[in-house]
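**Q** Mind looking over this structure? Questions follow.
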Amino acid sequence: MTFKAGNKGNLSLSRGKRERLQRLSTPDGVIAALAIDQRKSLRRMVADSASAAPEQVPDSTLAEFKNSVSKILSPYTSAILLDPEYGLAAARLRAQVSGLLLAYEMDGYENPRPHRMLALMPRWSVRRLRDAGADGVKILLHYAPDDSHSANDEKCVLVERIGHECHDLDMPFFLEPVVYDANIADPRSFEFAQRKPELVVRTIEEFSNDIYNVDVLKVEFPVITSFVEGSAVCSGRWAYSTDEALGHFRAADAAARRPYIYLSAGVSGVEFLESLRLANRAGVRYSGVLCGRATWKDAVPQYSQPGPKFDKAALEEWLSTTGTRNITAMNELLSSATPWHYWLEERNT
């Protein structure tokens, strides 16, 4: 195999972490993972589709949705990301070929605290997640490089603690830093699109530092592809030319000093695939994906209908057809991904 050029971290992994990462990867060392760890956001999606209030959506409904996604889509994945609140039954329903990641943070994307401060689920630890069957632990961290030093320092200290907790228990640590600008409300706006490349690069630089013991960074695409001139999903207004967009992918890649994979951040499946194509054109060294709503969110209206009523049969029909096609299309694009062990072993040429 010929690997792509670029700076490479000087990383080492314990035997336990290597074995667990292998369970989360394809035989070639690529992470082709599915995320269904949403909690508050999934409840809101289901409620909106049913024209209901969120409190009308019972916990059992969230668990049922996750169960179906896990059962039907996990055979096409190397791993599935779930949460211990509503997803443990779904974890048991996953395919044997699919490893298990469990979320550790309390809120996911729905973070109400000042500075979007990280908080952990109060009755879970890395040890408890491991004992529940996890092969790895995921933390979503909202991060604004230009936020106050004290807020960012508190976040960084929390990540350090989690990294050491994972290190001591030989558990792979997947960190998902989601960037924001406190002065820009809409993360899909043209204004934010102009800022995003810099924010992503600076965030990757920070959390590539060895002090955090992060094993895999789960990162955003450095551009919003609907603002890329000439992209298949271009909105008609562009913040970057194609060459500029490719340059932003390469700058983010150059900042990384450990394996990284892409997240979908709730974009459409079409936009996610177009973003992956840009990454492939840029020749960057991403090691796979951990894709969530871009794969399955269009199943919600099939399942959740006014009443509210919930149609499991319609959900599973959609997952077995459209959902499976979505995952297959994503997997086909991962032929250009770089195995995570590239970062750990001598480069072959």
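The values are calculated or read from the model by the stated rules, or taken from the named source; none is laboratory data. These numbers come from a predicted model, not from an experiment. Backbone-built Cβ (ideal geometry, glycine too); neighbour counts: all protein chains shown. With ligands, DNA and RNA removed, areas are computed over all heavy atoms of the protein, side chains included. Shrake-Rupley method; radii C 1.70, N 1.55, O 1.52, S 1.80 Å.
**Q** For residues that are open to solvent by 40 Å² or more (accessible area, probe 1.4 Å) and under 12 Å from Leu34 (Cβ atoms), tally how many sit in the range 85-96.
**A** Looking only at that region, the number is 1.
**Q** Check the range 144-161 and report whether any residue there is assigned to a loop (DSSP other than H, G, I, E, B) and closer than 22 Å to Leu13 by Cβ.
**A** Among the residues of the range 144-161, not one is assigned to a loop (DSSP other than H, G, I, E, B) and closer than 22 Å to Leu13 by Cβ, which makes the answer no.
**Q** Sticking with this one: Residues that are closer than 19 Å to Asp298 by Cβ, surrounded by fewer than 19 Cβ atoms within 10 Å (Cβ to Cβ) and in contact with a helix residue (DSSP H, G or I) (Cβ under 7 Å, 6 or more places away or on another chain): does the range 27-40 have at least one?
**A** no
**Q** Here are Val300, Val289, Val267, Val284: which of them is touching a strand residue (DSSP E or B) at 6+ places or on another chain (Cβ under 6 Å) and either of a type in the set (Asp, Glu) or open to solvent by less than 50 Å² (accessible area, probe 1.4 Å) (or both)?
**A** Val289
**Q** Given the range 294-347, what helices (runs of 4 or more DSSP H) lie entirely inside it while holding 2 or more residues that are charged (D, E, K, R)?
**A** Filter on the range 294-347 gives 312-318, 324-333.
**Q** Among the residues of the range 228-266, count how many are hydroxyl-bearing (Ser, Thr, Tyr), more than 22 Å from Ser335 (Cβ to Cβ) and modelled with pLDDT of 95 or more.
**A** 2
**Q** Which of the following residues is open to solvent by 60 Å² or more (accessible area, probe 1.4 Å), of a type in the set (Lys, Arg) and over 16 Å from the mean Cα position of the chain (by Cα): Arg23, Arg43?
**A** Arg23
**Q** Go through the range 185-201 and give me each residue that's closer than 16 Å to Pro145 by Cα and open to solvent by less than 80 Å² (accessible area, probe 1.4 Å).
**A** Result: Pro187, Phe192, Ala193, Arg195, Lys196, Pro197, Leu199, Val200, Val201.
**Q** Considering only the range 312-332, how many residues are loosely packed, with under 15 Cβ neighbours inside 10 Å and more than 24 Å from the chain's Cα centre (by Cα)?
**A** Of the residues in that region, 2 qualify.
**Q** Evaluate the range 256-263: report whether one residue or more is open to solvent by 10 Å² or more (accessible area, probe 1.4 Å), assigned to a helix (DSSP H, G or I) and touching a residue at least 24 places away in the same chain (Cβ under 8 Å).
**A** No.
**Q** What number of residues in the range 162-180 are open to solvent by 20 Å² or more (accessible area, probe 1.4 Å) and outside any helix (DSSP H, G or I)?
**A** So the answer is 2.
**Q** Name every residue in the range 270-281 that is open to solvent by 10 Å² or more (accessible area, probe 1.4 Å) and either farther than 14 Å from Ser336 by Cβ or at pLDDT below 95 (or both), in order of residue number.
**A** Listed by number, the residues that qualify are Val270, Glu271, Glu274.
**Q** Kindly establish whether Asp186 is without any contact (Cβ under 8 Å) to a residue 24 or more places away in the chain, of a type in the set (D, E, K, R) and outside any loop (DSSP other than H, G, I, E, B).
**A** no
**Q** Related question: Being within 30 Å of Gly16 (Cα to Cα), without any contact (Cβ under 8 Å) to a residue 60 or more places away in the chain and among the acidic types (Asp, Glu) narrows it down to one residue among Glu165, Glu206, Glu229; which is it?
**A** Result of the check over Glu165, Glu206, Glu229: Glu165.
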